[in-house]
Amino acid sequence: MPIKMNDIPGPAPVKNLYQVYKLFSSFNNNSLGLLESYHRDYGDVVLLEVLGQPQLFIANPELFREIMVTKASSFEKDADYKDKNRGLARFLGDGILVTDGEFWKKQRKLVTPAFHINRISEYAETMVDYSEEMLSDWTSGTKVDVAEEMMKLTLRIVARTLFNTDIRANIGEIDATMQAVNESSGSNSLIPTWVPTPKELKTRKAIRDLDAYVYGLIKERRENFKDEGDLLSMLLLAEDDEGNRMSDKQLRDEAVTLFLAGHETTANTLNWTFYYLAQYPEVEAKLHEELDRVLAGRKPTLADLRQLPYTEKLVKESMRFMPAVSGVGRKAIEDVQIGNYLIEKGTSIILNFYTTHRDSRYWDEPLAFNPERFTAEKEKEQHRYAYIPFGAGARVCVGFNFAIMEANLLLATIAQDYRLVLEKGQEIIPMARITTYPKEGLPMRPEKRERLIVKEETEAVLQEA
Ligand code: HEM
C-alpha cells in the first residue's frame, strides 16, 4: 500500500510565528545537525508542516533518482530558488539555475558549449597561473584566511575564463553579493524584504553594485564587439530559433548566475579539502608523495591530472564528506508517486545530499575521511545516487567538468608548494546555506614545503657548480 502524505513521520507541525522563528533559528544555527537529526529520528522521508505548507526532507538515493531523473517532469525548482523577493531569483533573475521548462531548456542549450571539455581544457593554464600569483603573495608562517583566498582565486578564474576580464578591482562587489545571497536567500528570516533593516539595505546595495558592474561589462562588450571566444561572446552572438538575440537583462542574469554559481562552490570544496588535509596527516603525506613524484616541482598541466589519481580521489572524498552544496530544493507540480510515497502537488522537498553522503547503508565507515574509497573498483560498487555533489539528471551542474578540473589543478598547485596548518584547538564551524562554508572563515598558516626548499637549494648548488 503506498504511503499517503499524512502518514509520513516527522516533527510536530509548526503552527505559529513563534514556532517558525524557533525553526529558522535552529536552521540558521546548525542546519546540517538538524538534517541529520531528522533522518536519525524519522527516517529517509520526513514531513514537516510549516504554517500548513508541507515540506519533505528526503535522504535516499533511489528517491533522488526518481525526483531528479525518471520523474523529473513532475517537479520544478522550489521557492528558495524561484521567489523573486526572497529566493535566489532575487539575485539571479531568470538565470539558468532558477528557471524551469522551455525557457530554461533554451538557455541551458546556449550556455552548455562554454563547458565542453575541449573548451575548458583551454582554461587550465589560467587556473594554474592565477594560483601561482596568489601563492607569490603568501609568506611561510604568516596566517591567511584560506576561505577568502579561495574565494578571490576562483572568482578571478571564472571572470577570466568565461568573461575574459580581470575582476580584481571589483571582487568586493561580488563578495558582498555572495554574502547577501547566503545570508538572505531562502525563507530563513521572518522580516519581509520591504522592511529597510541594515541587512536588507546592505543586500540592496550589493545587488545595485553587482548590476552596475555586470551591465558595464555587457555595454563595453557590445560597443567594441569582437568575438573573444569566451562565454560572453557566445551569449552575445547566440540566436534562438526565431533569430532573436538575448536582451541585456537576460545576459546580466546568466552572467551573474555563472559568477555566483561558478566560484563559491569550488572555493568551498577547496576550503574543506585543506581543512581535512590538515587533520589527516597520512592523507596529506600521500598527496605530497604523489605531487612530488609526478610533478617534481613543475607547474601542473591538464595532462598531468591523469597521473594524479590520489589528488582526484582526495577531492572526491572531500566532496562526499562535506559537499559544498548540502542539498537542493524542488516542488511537486502535480500529484506523483515516488518510491512508495504519494506526494501531493505543491509539496516542497529538500533533497538532503549531506546525510546520504554519510549514510552507513551506502558507505563503509562513513565518518572516516578516506580517499581510498574512490578507487575505480569501489566506485563501481557505489550506489550511483548516493554520491551526488553536482546533482543529477537534466539539472546537473553545468560547470562540473570545469569545477573538477579546477579543484584538482588548484589543489595540486597549492599543495606542492605549501602545507596549510590549523592552529591547535581552533574550531571551524560549517554553515550550510546555498553553499556550505566555514562560518568564521578558515584561518590557516601556510608553511613552505621542505621538499621544495631542498629542491631549490639543490638547484642553487648545481648552478653554482
Ligand atoms: C565543486 C564545485 C561545484 C559544485 C559542488 C556544484 C554543485 C551544483 C549543484 C548540486 C547543482 C544542481 C542544483 C539543483 O539541482 O538544484 C549545480 C547547478 C549549477 N551549477 Fe554548479 N557546482 C559547482 C561548480 C560550478 C561551476 C564552476 C559553475 C560554472 C562556472 C557552476 C554553474 C552551475 C549552474 C549554472 C547550475 C545550474 C544548472 C541548471 O540548472 O541547468 N557550478 N551546481
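The values are calculated or read from the model by the stated rules, or taken from the named source; none is laboratory data. Bear in mind the structure is a predicted one, so any value in this text is a computation, not a measurement. Please note: Cβ atoms are built from the backbone with ideal geometry, for glycine as well, and neighbour counts cover all protein chains shown.
If the condition is being within 11 Å of the ligand (Cβ to nearest atom) and either in contact with a Pro (Cβ under 6 Å, 6 or more places away or on another chain) or not charged (D, E, K, R) (or both), then the range 303-321 contributes Val315, Ser318, Met319. Only residues that are closer than 18 Å to Ser233 by Cβ and within 22 Å of the chain's Cα centre (by Cα): list them for the range 109-120, please. Once the filter is applied, which keeps residues that are closer than 18 Å to Ser233 by Cβ and within 22 Å of the chain's Cα centre (by Cα), the range 109-120 yields Lys109, Leu110, Val111, Thr112, Pro113, Ala114, Phe115, His116, Arg119, Ile120. Checking each residue in the range 80-90 for being within 13 Å of the ligand (Cβ to nearest atom) and either within 16 Å of the chain's Cα centre (by Cα) or touching a residue at least 40 places away in the same chain (Cβ under 8 Å) (or both) picks out Asp80, Tyr81, Gly87, Leu88.
Ser360 satisfies every condition listed in (1) without any contact (Cβ under 8 Å) to a residue 60 or more places away in the chain; (2) within 22 Å of Leu308 (Cα to Cα) except (2). As an exercise: evaluate Ile350 against (1) among the β-branched types (Val, Ile, Thr); (2) within 22 Å of the chain's Cα centre (by Cα); (3) more than 16 Å from the ligand (Cβ to nearest atom) and give the number of the one condition it does not meet. Failed condition: (3). The residue that is surrounded by the most Cβ atoms within 10 Å (Cβ to Cβ), counting only those in the range 343-382 that are assigned to a loop (DSSP other than H, G, I, E, B) and hydroxyl-bearing (Ser, Thr, Tyr), is Thr347. Only one entry in Ala324, Ala267 is within 15 Å of the ligand (Cβ to nearest atom) and part of a helix (DSSP H, G or I), namely Ala267.
So how many residues does the range 407-454 have that are part of a strand (DSSP E or B), more than 16 Å from the ligand (Cβ to nearest atom) and out of contact with any Phe, Trp or Tyr (no Cβ under 7 Å at 6 or more places or on another chain)?
Of the residues in that region, 4 qualify.
Note on the range 407-436: residues that are under 21 Å from Trp138 (Cβ atoms) and modelled with pLDDT of 90 or more amount to 17.
Of the candidates Leu47, Leu34, the single residue that is more than 10 Å from the ligand (Cβ to nearest atom), buried (at least 16 other Cβ atoms within 10 Å of the Cβ), modelled with pLDDT of 95 or more and aliphatic (A, V, I, L, M) is Leu47.
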